[in-house]
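This report refers to the structure that appears directly beneath it.
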Amino acid sequence: MNRQEIIGLTGEFVRRGQGNSIAELDGMKIYEDKPLVAFASARDPLYAKLRDEGIIGPHHLMPQDWVENAKTVVVYFLPFTKEVIESNYPEGISSKEWYLSRYYGEDFNNAVRDHIAGVLQKAGHNAVAPSRSGKFEMQNVTSNWSERHSAYIAGMGSFCLSYSFISEKGCAGRYGTVVTDLEIEPSSRTKGLRDNCLYDAKGTCGLCISRCPAGAITPEKKDHWKCQEYLVTKVMAEYVPRFNVVAGGCGKCQTKVPCSRKKPTKSDL
Ligand code: SF4
Ligand code: SF4
């Protein structure tokens, strides 16, 4: 298999779209048809850096902890549709469209992860989607495998003030990864850690600060605990009794901001 085949099979699976919709909302589509796909070298020295305290920490596993002799990490981004994103424009708690997209969208994302890993395995390669493995675990607010950090290593974009990850198709969507022992030439990485964020790169914007109903984002940092507390006490308190599903992220910091659907420029302000 080669990179074009993996890009093609990922796009084809998303386009077929089985599960890429919400039955409770009259079949509303969750993700756009065209995902982004990139490749990180499993031997990239940045993976070892992620284990430093203050970055993620020693609990973050290396690609080789998921797949013996891992050579490549396949990374993709599924952008939410315009309808899902715009539903979350009003202030207050998340829209039901956003909340249910986070829940059913993760089911679909899991299907994409499984599909890529399954095709690679059928072709004779070892392949594991870490977040689908029994080894995957959370420690406080971070997990032992960060898909967004793999997106950075694969050159897909950069982090930002709200601690989202801004790709060429913005930050409103979901990332996925599959580790494999298939060798694929890595995508190029040209971005600094927060280059795509207008606040950091150009000293302007900061709209995610005022969008956050929890006050969790400041110019200095994002308070993950405040964000979590808001999610549990406000968003889940409203939607778990109504829909009986548990989903994360209120998403106000990813919607009605210039980085929602594209890499932002100053003229977007
Ligand atoms: S809203 Fe502005 S400051 Fe916040 S992450 Fe997006 S580009 Fe950066
Ligand atoms: S998800 Fe919601 S609560 Fe958390 S940082 Fe973003 S806007 Fe704030």
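The values are calculated or read from the model by the stated rules, or taken from the named source; none is laboratory data. Please read all numbers here as calculations on a predicted model, not as lab measurements. Methodologically, a virtual Cβ is constructed for each residue, glycine included, from the backbone with ideal geometry; neighbour enumeration extends over all protein chains shown. The protein model used for the area step is the full one, side chains on, heavy atoms only, and it has no ligands, DNA or RNA in it. Shrake-Rupley method; radii C 1.70, N 1.55, O 1.52, S 1.80 Å.
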Exercise. For the pair ASP107 and THR233, how long in nm is the line joining their label points, each one 7 Å along Cα→Cβ?
Worked result: 3.1 nm
For this session: Work out the FRET efficiency for LYS122 and LYS34 from their Cβ-Cβ distance, taking R0 = 22 Å, and round it to the nearest 0.05.
Result: 0.35
Exercise. Extension gain ASN244-ARG43, at 0.36 nm per residue separation less the Cα-Cα distance, in nm?
Worked result: 68.2 nm
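Please list 39-46, 190-197 highest first by mean number of surrounding beta-carbon atoms within 10 Å per residue. Can you show the working numbers first?
Working: 39-46: 18.6, 190-197: 16.4.
In decreasing order of mean packing, 39-46, 190-197 become 39-46, 190-197.
Please find the FRET efficiency linking ASP268 to ARG194, where r is the Cβ-Cβ separation and R0 is fixed at 22 Å, and quote it to the nearest 0.05. Could you put the intermediate results ahead of the total?
Numbers: r = 17 Å, r/R0 = 0.76.
It comes out at approximately 0.85.
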Seminar exercise, completed: Probe 1.4 Å, heavy atoms of protein chains only: per residue, the accessible area of the chain in Å² is 46 Å²
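Run the numbers for VAL141 and ILE55: contour at 0.36 nm per residue of separation, minus the present Cα-Cα distance, in nm. List each step's numbers first, then the result.
Details: separation 86, 0.36 × 86 = 30.96 nm, distance 1.26 nm.
Stretched fully, the VAL141-ILE55 segment lengthens by 29.7 nm.
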Exercise. Relative to the first principal axis of the alpha-carbon coordinates of the chain, what is the inclination of helix 3-16, with its axis defined by its Cα atoms, in degrees from 0 to 90 and to the nearest 10?
Worked result: 40 degrees
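May I ask you to derive the FRET efficiency for LYS256 and MET1 from their Cβ-Cβ distance with R0 = 41 Å, giving the value to the nearest 0.05?
Details: r = 40 Å, r/R0 = 0.97.
Taking R0 as 41 Å, the efficiency between LYS256 and MET1 is 0.55.
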For this session: Tally up the carbon and sulfur contribution to the accessible surface of the chain as a whole percent, 1.4 Å probe, everything protein left in place.
Result: 49 percent
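Count the net charge of all other residues whose Cβ sits under 11 Å from the Cβ of ASN109, scoring Lys and Arg as +1 and Asp and Glu as -1. Walk me through the intermediate numbers first.
On the way: positive: ARG102, ARG113, ARG132, ARG174; negative: GLU106, ASP107, ASP114, GLU147.
In short, 0.
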For this session: Return, in residue-number order, each cysteine of the chain whose C-beta is not under 4.7 Å from any other cysteine's C-beta.
Result: CYS171, CYS205, CYS212, CYS227, CYS250, CYS259
Exercise. Ranked highest first by the average count of other Cβ atoms within 10 Å around their residues, in what order do 83-91, 168-176 fall?
Worked result: 168-176, 83-91
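Could you order peptides 223-231, 48-56 by the average number of other Cβ atoms within 10 Å of their residues, highest first?
Details: 223-231: 16.6, 48-56: 12.6.
Sorting 223-231, 48-56 by mean packing, highest first, produces 223-231, 48-56.
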Seminar exercise, completed: the chain: spread of alpha-carbon positions along the three principal axes, whole Å, largest first, is 49, 42, 37
Seminar exercise, completed: Across 10 Å bins beginning at 0, the whole-percent shares of Cα-Cα pair distances in region 1-131 come to 11, 35, 29, 22, 3
For this session: Mind checking the full-extension length gain between GLU24 and GLU183? Use 0.36 nm per residue of separation minus the Cα-Cα distance, one decimal, nm.
Result: 53.1 nm
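Relative contact order of the chain: what whole-number percent is it, with Cα pairs under 8 angstrom and at least 6 residues apart? Working shown, then result.
On the way: 493 pairs, mean separation 62.9, N = 269.
Worked out over the chain, it gives 23 percent.
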